[in-house]
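Presented below is the structure to which this report refers.
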Amino acid sequence: MSSEHAVPAARAVENLAAKLRRRQIVGSREAALETVLVLRQVVAKARFSNIDQLVSLLREVGKRLAEAQPKEHTVGNVVRKVLHNIREEYNTAAKGAAAAPTRNVFSISKFVLQGQPRKQVIAPKSEATISLRENDPDEPDSFAKALKPVLMEAIQDVLDELETVYDNVSKTAKDHIHSDEIILTIGHSKTVEAFLKSAGHYRNYTVIVAETGPSYSGHEMATSLSNAGISTFLVPDSSIYAIMSRVNKVIIGAHAILANGGMFAITGSLLAATAARAHSTPVVVCTGQFKLTPAWNLYHDYGALDFADPSSVLGYEEGLLVDKVDVINPYYDYVGPELVDVFITNDGDHPPSSIYRLVKESYDDEDQHL
Amino acid sequence: MPPKSSAGKEKDLATEEEVLQAVILADSFNKRFRPLTVGKPRCLLPICNATLLDWTFESLALAGVQEIFVICRSYADLVKKAIRESKWSRPSSGLKIVPIITAKETFSPGDAMRDIYTHGIITSDFVLVTGDLVSNIRIDEVVRVHKERRRTNKDAIMTIVVKESGLQHRTRSRGESGVFVLDPDTSECLHYESVIGYPPKTHAEIPREIFAEHPEVEIRNDLIDCCIDICSVEVPSLFQDNFDYADIRRDFVYGVLTSDLLMKNVHCYIAKEGYAARVADTRSYDAISKDILSRWTYPLVPDNNHPGGHAYDHLRGNKYMAKDNTIIMSRTARVGPNTLIGAHTTIADGASISGSVIGQRCKIGPGAVLKGAYIFDDTEIGAGALVENSIVGSGVRIGEGSTVRTGCLIADGVVLGKNARLARFDRVSRRRYLVDGESTDGEEDEEEWEVVEAHQDSVTSVLGEGSNAVVWPQSHSEDEDEEVDEVESYNNQRLMRIGDTASDIDLSDAGSVTEDESDSEDEDDASSIMNGLSRTSSMTSVSLPDPDVSTIHNLQASAADSEFRSEVKQSLDRAFAEGHSVDNASVELKTLRMASNVPLRRVREAVVEAIVERVPIVEGDAAKQRTEIGRMVARWGPLIDRIGGVDPVETVEVLACHCAQSSRLPLFGQILAALYQADIVEEDDIRAWHAQASSQAEGQKPGPYMDGLEKCWSVGKMMIEQFDEQESDDESGEGEDEEEEEEEEEEEEKGSAAQVPATKAESSEEEESEEESEEGSEGGSNEGSEESSEESESEESEVTKAAVSEKTLASADVPATKVEQTETKTTATVSTPAGAAEPAEPVSTTHAAVVAAVDSTSTATIKQVEVADPARKQVAAAVIEETQRTVVVASADEAAKPAPSGLSTTPLPAQAIAKVATGSTQPSRKTNNEEDEEDESEESEEESGESEEASGSGSEGSSSEEGSGEDSTGRDVGGEDSSEEESE
């Protein structure tokens, strides 16, 4: 059915797909943002006369985008989230406001947050004022017309969540970092950076940043932190284990959080997490909930780690070596759930063991495979 | 943000920004992939299961190109069809692809560019690439830089994208590369010189002005030229104006840079990040496949952004398997690392695959072994077959137990029977009538097939029963027209073949190729090489072992020379046949010499050779023979001195060298006598030649050549004895002379005639006697004789040189220290085991030379030696030779090693350097000292200056004994000298 309309905003979709494929968009948040923007275009231009048409259309777009770059899990996540929100909006609109709130009673995040005010999931603005007529043969567009404003708001919610993710994650920073603590971090995660900086306003503490070869993004992190007035040390990756005994907490970012509570994070994270485990140092992961991915890495799928080009390890100009040496340069590490103590998200703190629950709440089951 | 605004923004962007255009030259204009390219164009060959064209499109799309023109010639229909059916022509791809079919008469990239001009499709700066590009470089970034530069400098017409690599890199073409001279500040390309692998090119010549205008230059021979050019609109029109530009690099870039009229600049963009390479030959096909599989092209890798749209799983060890689970692989089959296997492929029990690319729907039989094999779609490999380092086309069936050894190319649809055995580097295709599809370039193909079919009798490979294959000959027959591009010459092509290693070219064939060359090449070539050798070997042997020297000289007999030789030969042929006047012939020769920029000695060799070879042979009658020679020398002899410089000593030497190798050895004495008679050679010159160590075949390898030289020398000796005799006889009367004559006639019959000097002595008796008395007892060796400058030109210019070199030294002193900091990149970036130990001195030495060149304000030629075996560092040494007005930078390290063969890969560069550095001190000091003794140095310098002017159009001026030696052959000798001069 959707094919008959083709895909609205096909150009935008293809563009994004190509950019994802060509790695012109990197980073989970950026990819997620771009995806939401494209989805919004698609919905804005879409013509549909019932909810199934819209959903299948979005799923198709989502599938294309997710397949374009399977390593950027957030693309799929955002599509699922949008689908979830749209369904919710539709349900609210169709069946009245009664049905929806009951779902949230058992929300584990709510449970853990213990009364922390959660963003109103069911917007009161979409109270059953809309009269929905699906598959109206006389006016096929009426359904779309009626629903679109609500849908736009649903998408806007996702967008807002993405845009405020750093603020929300770092809101609780001062509760996690105490004065005179020594924190170890690795890589240059924007979330962690915001988190540490926010804590820096209230606490006096020290950060040790590992260089994080071969990208050496630790250098940027260290510069940024010390510019913010936080006492910062930059250490080589090899000394992570040696200094671990003095570290109070390991705070790292994530690329994607899997349903079992494990995660993909920048190379070196596994090293840091394992060293922390050996010293029983708590490992704290700062992340937005858009990184929650309904997937597992049960079989430690080799390709899932995303292998980059060897040039940062071995210069291409080393002609003789290039011919004789196979260089493997994984971009991510898989850090198992047993190595992580807590995930600090923009929506509360969660132990790895409850991630599956969050995943189930955030997305609809039927969207697990787009 | 409402959605509309973002859409509006996009539109704005689209209209504001100019559409970035790209032109793809989809035709290769060569036949390196034959016979794989029988029936389809090269750009449709798959690499890692996607056609080259797809890779190119992807590379361009990655760079944000929006409009692409594909220039196709051969199999244009196939290309068009491929484009139409590819994902690129879908509207959503964001690419607008326009195939343009050029005329069949388009034989070079230059023609294609002219075609682009006539089509008038180019509206702004555009990207020019070839249809076989694999790149992930952000070309749009380069375009931005280019456009920015254009804003301030309208003459910056082109930006060449190059990629840094080591000298010895699998992806760097050994057969075809280039030396770039860059200004490191502006990244302007100041000079470009193409380099071919065989015959090894050892020199790059750089105009001296470059050093005058740019305080710092980089000479780089470590760049992969990936043929991505950002061209401005003028470029096609420049091609239109210069109808003879064929190759974009060798003709266009070189032409633009060397032209005094165009005043255009070319810039280089050295890509530090990203990957770019061209599948220019089967060797680079192999290398780039490996690069893709080992993810150098990331994010353009099979599991991520496969241009063919396939999806692959990336497994441990860089193994890629089609994602759709359609591969049927036996449990016992082994798949090694760096392998790509396409969808629907079946791999049977016990098969072993490593380092290979296997297409879709292939069948690999039980126990088959594939190592480094590139197998296109739908191919069947029989049980137990072995395929190594070869490319196998699509739809091929290789029978059970067959063996396909290294370097084979098997074209589409070939069937090899059971137990077929292909020799290494065999190229196999179907028989002619089986190859369907109209051949596009009719006649050419026709000829090609005839050659192939004629070859079938001599095939040694076993094709197996039921085979439909023909084996292609290894090389084009020699009699093919002489204009075969050097790049395409067989030996050079070997450097571009898959699986062909350098050691192979030296070791595998019967007799090494280096020897081959001197044996098989026609006598002319060999002789000129040897001529070059004869002088210098003795001189360089001071510091260097002999065999090395000889190889260097083989090296130097490079491309330009051979071209020049054939030209001169033709010119002289015409002159002789049509009876031109000596004046006209000399003008022609001078022009030729200018055009090819070869040393004077080469011209002399050619002229002497022409005369010698044209003397009609009169059997049995010595007197008649003598008159024939006399006539010949009288008619054409003067030409020898009219070629731009007079150097009788060299004339004799060249004559001896030529005769020594020619069947006309017996004529040497007579011709020498005739020359003497005609006043072209004086007695002193003969003595001087005779005294030279090289004339006595010193330092030569024993062989016919040495014997010849020795014979010549002994003839000369006899003549000199006669001179001596005459001298003493002069007083006693002329009667004895006649007696002598009689005696000599007998000798002459033995093949050594020297009576003419005697007769001449009669005529110019008085003069002679004077001179003789002066020279006195010096006899055979007049080295260091204190002759007056009017008499001996050679002496004179030696003196000149001494004075000059001292002067240059003084002037070079100060600037030399200034440039010490700068590095010549070629030296600096070559990676070698001993690299770290490399002392800084050689580098600064080079620069000293360079600065000296700038000081002495006349045109300079810098010879930059490429190290054929790049595992070693180069050390440059230099000569400033004012009389020659040349600066010669030669590689001392090169000189110390048998580089062309590349045989020994474990030299001790540091030692070699030290050796050269110390070794070279001595000779030059010696000469300096000698020359110091000559007090008249300044005076004679002036004189030589005058004589230089007097010698007219020859830019070489008066070619002294030493000078010409350096000029023609002894680059390295000179090089060492000067390096010393500098370092002092």
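A compact table of results
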{"read-out": "Test: residue in the stretch B:37-45 that is over 32 Å from the mean Cα position of the chain (by Cα) and among the hydrophobic types (A, V, I, L, M, F, W, C)", "value": "no"}
{"read-out": "Selected residue (only one of A:Asn346, A:Asn297 is surrounded by fewer than 21 Cβ atoms within 10 Å (Cβ to Cβ), in the same structural domain as A:Arg246 (by TED's automatic domain parsing) and not aliphatic (A, V, I, L, M))", "value": "A:Asn297"}
{"read-out": "Residue check for B:Thr123: in a helix (DSSP H, G or I) and touching a residue at least 24 places away in the same chain (Cβ under 8 Å)", "value": "no"}
{"read-out": "Complete set of residues in the stretch B:258-285 that are more than 11 Å from every other protein chain (Cβ to nearest Cβ), of a type outside the set (S, T, N, Q) and buried (at least 21 other Cβ atoms within 10 Å of the Cβ)", "value": "B:Val266, B:His267, B:Cys268, B:Tyr269, B:Arg278, B:Val279, B:Ala280, B:Asp281, B:Arg283, B:Tyr285"}
{"read-out": "Number of the condition not met by A:Ala94 [criteria: (1) at pLDDT below 55; (2) outside any loop (DSSP other than H, G, I, E, B)]", "value": "(1)"}
{"read-out": "Out of B:Phe211, B:Phe243, B:Phe252, B:Phe239, sole residue that is touching a Lys or Arg at 6+ places or on another chain (Cβ under 6 Å) and touching a residue at least 40 places away in the same chain (Cβ under 8 Å)", "value": "B:Phe239"}
{"read-out": "Residue ID - farthest from the other protein chains (Cβ to nearest Cβ), chosen from residues in the stretch A:356-370 that are among the acidic types (Asp, Glu) and part of a helix (DSSP H, G or I)", "value": "A:Glu361"}
{"read-out": "Evaluation of A:Leu147 against (1) surrounded by fewer than 21 Cβ atoms within 10 Å (Cβ to Cβ); (2) over 20 Å from the mean Cα position of the chain (by Cα) (one fails), failing number", "value": "(1)"}
{"read-out": "Candidates A:Ala265, A:Ala276 - the one that is farther than 29 Å from B:Gly317 by Cα and surrounded by 20 or more Cβ atoms within 10 Å (Cβ to Cβ)", "value": "A:Ala276"}
{"read-out": "Flag for B:Val256 being assigned to a strand (DSSP E or B), under 22 Å from B:Leu182 (Cβ atoms) and not assigned by TED's automatic domain parsing to the domain that holds B:Asp115", "value": "no"}
{"read-out": "Subset of the stretch B:312-326 [of a type outside the set (Asp, Glu) and at the interface with another protein chain (Cβ under 8 Å from one of its Cβ atoms)]", "value": "B:His314, B:Leu315, B:Arg316, B:Gly317, B:Asn318"}
{"read-out": "Those residues of the stretch B:327-340 which are more than 14 Å from chain A (Cβ to nearest Cβ), of a type in the set (Val, Ile, Thr) and not in a loop (DSSP other than H, G, I, E, B), in sequence order", "value": "B:Ile328"}
{"read-out": "Qualifying residues in the stretch B:155-211 (those that are aromatic (Phe, Trp, Tyr) and not in a loop (DSSP other than H, G, I, E, B)) - the one farthest from the other protein chains (Cβ to nearest Cβ)", "value": "B:Phe211"}
{"read-out": "Top-ranked residue of the stretch A:38-76 - restricted to ones that are within 10 Å of chain B (Cβ to nearest Cβ) and within 16 Å of the chain's Cα centre (by Cα), ranked as surrounded by the most Cβ atoms within 10 Å (Cβ to Cβ)", "value": "A:Gln69"}
{"read-out": "Failed item in (1) without any contact (Cβ under 8 Å) to a residue 60 or more places away in the chain; (2) among the β-branched types (Val, Ile, Thr); (3) in contact with a Cys (Cβ under 7 Å, 6 or more places away or on another chain), with A:Thr212 passing the rest", "value": "(3)"}
{"read-out": "Subset of the stretch B:90-108 (residues that are within 14 Å of chain A (Cβ to nearest Cβ) and surrounded by fewer than 15 Cβ atoms within 10 Å (Cβ to Cβ))", "value": "B:Arg90, B:Pro91"}
{"read-out": "Residues that are in contact with a strand residue (DSSP E or B) (Cβ under 7 Å, 6 or more places away or on another chain) and farther than 30 Å from A:Pro8 by Cβ, drawn from the stretch B:74-114", "value": "B:Ala76, B:Val79, B:Lys80, B:Ala82, B:Pro99, B:Ile100, B:Ile101, B:Thr102, B:Pro109, B:Ala112"}
{"read-out": "Breaking point among (1) within 18 Å of B:Val256 (Cβ to Cβ); (2) assigned to a helix (DSSP H, G or I); (3) at pLDDT below 85, for B:His146", "value": "(3)"}
{"read-out": "In the stretch B:48-74, the residues that are crowded, with 24+ Cβ neighbours inside 10 Å, more than 14 Å from chain A (Cβ to nearest Cβ) and β-branched (Val, Ile, Thr)", "value": "B:Thr56, B:Ile68, B:Val70, B:Ile71"}
{"read-out": "Checking A:Val26 against (1) crowded, with 17+ Cβ neighbours inside 10 Å; (2) within 10 Å of chain B (Cβ to nearest Cβ); (3) of a type in the set (A, V, I, L, M, F, W, C), the condition it does not meet", "value": "(1)"}
{"read-out": "Subset of the stretch B:1-44 that is out of contact with any Ser or Thr (no Cβ under 9 Å at 6 or more places or on another chain) and of a type in the set (Val, Ile, Thr) - its residue that is modelled with the lowest pLDDT", "value": "B:Thr15"}
{"read-out": "Top-ranked residue of the stretch B:77-114 - restricted to ones that are without any contact (Cβ under 8 Å) to a residue 12 or more places away in the chain and in a helix (DSSP H, G or I), ranked as nearest to B:Val233 (Cα to Cα)", "value": "B:Ser89"}
{"read-out": "Some residue of the stretch B:343-350 being away from chain A (no Cβ under 14 Å) and on the phi > 0 side of the Ramachandran plot", "value": "yes"}
{"read-out": "Breaking point among (1) modelled with pLDDT of 85 or more; (2) in contact with a Ser or Thr (Cβ under 9 Å, 6 or more places away or on another chain); (3) within 14 Å of chain A (Cβ to nearest Cβ), for B:Asp303", "value": "(2)"}
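The values are calculated or read from the model by the stated rules, or taken from the named source; none is laboratory data. These numbers were taken from a predicted model, which means no experiment stands behind them. Virtual Cβ from ideal backbone geometry, glycine too; neighbours counted across all protein chains shown.
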